[in-house]
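Working notes, beginning with the structure itself.
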Amino acid sequence: MWARTFNQRLASWNQLRTLCHDADLETALNNINTWWFSAPWQPYHLHWDDRPDWPDPWQLLSDNVFCDVARGLGIMYTISMLERADMADAVMVLSNLGDNLVLVADGKYILNWDQETILNTTPKIVAVQQLTQQQIK
């Protein structure tokens, strides 16, 4: 269940990062993906053309409005704050299929695609636009 207040969301997000810090890669990515998929979804909140104005992680949690782009951005913020070497190549992409995805381990893991799975079982993703961890930092 998604936390109702900002303070509860912030505490829950902190617990997620703590849980994922030492977990194996697949478990950590599954936990991150599942947590962000529990956020209340709303279409068309953020757009790639407005990237300079995207919220920081705390504003994102405060706004509490999550389209596919916002959810992907939250996933990227979470991964970036973990500072794990095995997630260092994570990138958020707008794919050629119109999906807003987070790719990890050279595309082996795809987050923000489906709540239940993170494994890449789809054709090769072509990035139309992308956001790297270096750009976030």
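No lab work stands behind these numbers, since they all come straight from the coordinates. Because the structure is a prediction, the values reported are computed rather than measured. Reconstructed Cβ throughout: ideal geometry from the backbone, glycine too, with neighbour counts over all protein chains shown.
Ranked by how many other Cβ atoms sit within 10 Å of their own Cβ, fewest first, the residues Ile118, Ile79 fall in the order Ile118, Ile79. Among residues other than Gln42 with Cβ under 12 Å from its Cβ, the summed charge is -1 (Lys and Arg +1, Asp and Glu -1). Each distinct pair of alpha carbons in the stretch 59-114 adds a 1/r term; the inverse of their mean, the Kirkwood radius, is 11.6 Å.
Other residues with beta-carbon under 15 Å from the beta-carbon of Leu82 carry, at +1 per Lys or Arg and -1 per Asp or Glu, a net charge of -3.
Against the empirical 2.2 N^0.38 Å scaling, what ratio does the C-alpha Rg of the stretch 1-44 come to?
Values: Rg = 11.4 Å, N = 44, 2.2 N^0.38 = 9.3 Å.
So the Cα radius of gyration is 1.23 times the expected 2.2 N^0.38 Å.
Among Ala88, Ala28, Ala11, determine the one that fluctuates most according to a GNM of the chain built with springs between C-alpha atoms less than 10 Å apart. Among Ala88, Ala28, Ala11, the largest mean-square fluctuation in the Gaussian network model of the chain belongs to Ala11. Summary: within the chain, the longest segment free of chymotrypsin sites (Phe, Trp or Tyr not before Pro) located in DSSP loops with at most 14 other C-beta atoms within 10 Å is 45-137. Can you give me the pair-distance distribution of the chain, C-alpha pairs, 10 Å bins, whole percents? Once binned at 10 Å, the Cα pair distances of the chain give 12, 48, 35, 4.
Under a model in which nothing but the beta-carbon of Lys, Arg (+1) and Asp, Glu (-1) is charged, the stretch 6-136 shows a dipole of about 80 debye around its Cα centre.
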